[in-house]
1. Does Y21 satisfy being assigned to a loop (DSSP other than H, G, I, E, B) and under 19 Å from the mean Cα position of the chain (by Cα)?
2. Does region 15-49 hold any residues that are more than 23 Å from A128 (Cβ to Cβ) and crowded, with 16+ Cβ neighbours inside 10 Å, and which are they?
3. Go through A57, A79 for me and flag whichever is assigned to a helix (DSSP H, G or I) and of a type in the set (A, V, I, L, M).
4. Restrict the check to region 314-321 and report whether at least one residue is of a type in the set (A, V, I, L, M, F, W, C) and not in a helix (DSSP H, G or I).
5. What are the residues in region 376-394 that are assigned to a loop (DSSP other than H, G, I, E, B) and out of contact with any Leu (no Cβ under 8 Å at 6 or more places or on another chain), if any?
6. Quick one: in region 279-306, of everything that is at pLDDT below 95 and not small (G, A, S), which residue is farthest from T267 (Cα to Cα)?
7. If I filter region 315-358 down to residues being closer than 23 Å to R13 by Cβ and among the aliphatic types (A, V, I, L, M), which single residue comes out as surrounded by the most Cβ atoms within 10 Å (Cβ to Cβ)?
8. Do you know which residues across region 73-87 are surrounded by fewer than 24 Cβ atoms within 10 Å (Cβ to Cβ) and in contact with a helix residue (DSSP H, G or I) (Cβ under 7 Å, 6 or more places away or on another chain)?
Amino acid sequence: MAPKRRINVSSGRPLEPLAHYSRAIRVGDRVLQSGTTAIDTEGNIIGEGDVAKQVDAIIGIAEETMGRAGGQLEDVVRARLYVTDIALAEQAASAFGRHFGDIRPASTLVAVNALARPTQLIEIELDAVDGAKDKAVRISSGRPTEELWGYSRAVRMNDTIYVSGSTALTADGAVAHTGDMHGQTRATLDTIFDAVQQAGGAVEDIVYTKSFMTDISLAANRRRAVLEAFGDTLPTSTVLGIPGGALVRPEMLVEIEAEAIVGAAATRQHFYSGDDREKPLGYARAVAVGDVIHVSGCTAMDSSGRLQGVGDWAAQYDLCHRHIEEALEQAGAVLDDVVRRRIFSTAGATRNRPYGEGPPWFADSRPSSLGCTIDRLIHPDMVVEVDAWAVRGAHANIEWLATHPQ
């Protein structure tokens, strides 16, 4: 297998070398922008108190760093917007739409508990694929907010289908199954399945899901709906508890984003931990299609279902990465093949280790990364969950670039 071209771009911001990540990276024909906030190279917040100004600053940073990796905003196929207050959603989405109204990537917008600093109002993550501006197929639901907020229900580029964060919102603007997590999950999955099929894929091609729940105590109802809907397909899964009322409509209980690879039904490989512990829960620890490997949200839960490192953020963080490494080894990859990592810590967690200390999980490869604070995880004593996306061979021959002197 010939290694895919890999470029890591540093923006010169002080956290990047400490936390071992790159502001943007290229792997093959994809360019990934890390979760980015409105912070300048000196560490100062740009646009304090103004989410629209922060969006503009973030897009400016992304244009520069993605450009250094040979990418462009016009080729963005997926965006994730994390705001610290759902009351900011319309302002944030409208500002985003001014930049992406003609590009219209698949997008997810949810509220989280906090970002790294209290004055950071939004964090944005972007994925681009070369040539998407002209070649991507965009699936629309016909809702006017898509054009105004600059997104599509789904985007297909080559064989990959990116599905926006979807909810139980109906065609007439109502939220179906009010107060019913099972019903809303089924309705949401029906929307996702329809989008994938419109884009030329099948339900069995779905390889990745992420669920944002406003009441994680109802997780069993979500799981039941997932098992009913997916059957034996078993995509990867990350399930996150966000604050109550943290979706764009207060009646919404769950938002789910997804990704499919056309043809995956015939070639996908599933990997599990322990005695296939994940299988009866409706997901796989990792799913590989060709060189692409999605890894589910990993926690400090051991293979027998016992939580390790209770009360110890650093211990749980390290176990998350160890479990990602184990899943990748099963799939024939190494940890440094990870090209995107996302870290979700709970609001009650005490971060007990400074950046730069502890095992240097990604010191040699520095993938794109995102970190934010959410409300809760599935187990009340879990304090951190990490998911990952890897490409076999992506660790080889990394080219290192910077937009500012280090």
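1. Numbers: assigned to a loop (DSSP other than H, G, I, E, B): yes; under 19 Å from the mean Cα position of the chain (by Cα): yes.
Against the criterion (assigned to a loop (DSSP other than H, G, I, E, B) and under 19 Å from the mean Cα position of the chain (by Cα)), Y21 qualifies.
2. P17, I45, G47
3. Values: A79 fails: assigned to a helix (DSSP H, G or I).
Every option except A57 fails the conditions.
4. Taking region 314-321 and keeping what is of a type in the set (A, V, I, L, M, F, W, C), we get 314-315, 319-320.
Okay, now just the ones that are also not in a helix (DSSP H, G or I), so none.
For region 314-321, residues of a type in the set (A, V, I, L, M, F, W, C) and not in a helix (DSSP H, G or I): absent.
5. Within region 376-394, the subset assigned to a loop (DSSP other than H, G, I, E, B) is 377-383, 392-394.
Those that are assigned to a loop (DSSP other than H, G, I, E, B) and out of contact with any Leu (no Cβ under 8 Å at 6 or more places or on another chain): I378, P380, R392, G393, A394.
6. So, considering only residues that are at pLDDT below 95 and not small (G, A, S), the one farthest from T267 (Cα to Cα) is R306.
7. If we filter region 315-358 for residues that are closer than 23 Å to R13 by Cβ, which is where we start, we get 317, 321, 336, 338-345, 351, 353-358.
Add one more test, that the residue is among the aliphatic types (A, V, I, L, M), and what stays is 338-339, 343.
Working: V338: 28, V339: 26, I343: 20.
Restricting to residues being closer than 23 Å to R13 by Cβ and among the aliphatic types (A, V, I, L, M), the top hit is V338.
8. Those that are surrounded by fewer than 24 Cβ atoms within 10 Å (Cβ to Cβ) and in contact with a helix residue (DSSP H, G or I) (Cβ under 7 Å, 6 or more places away or on another chain): L73, E74.
The values are calculated or read from the model by the stated rules, or taken from the named source; none is laboratory data. Bear in mind that the values here come from a model prediction, so they are computed numbers and not experimental data. Ideal geometry is used to build each Cβ from the backbone, glycine not excepted, and the neighbour counts take in all protein chains shown.
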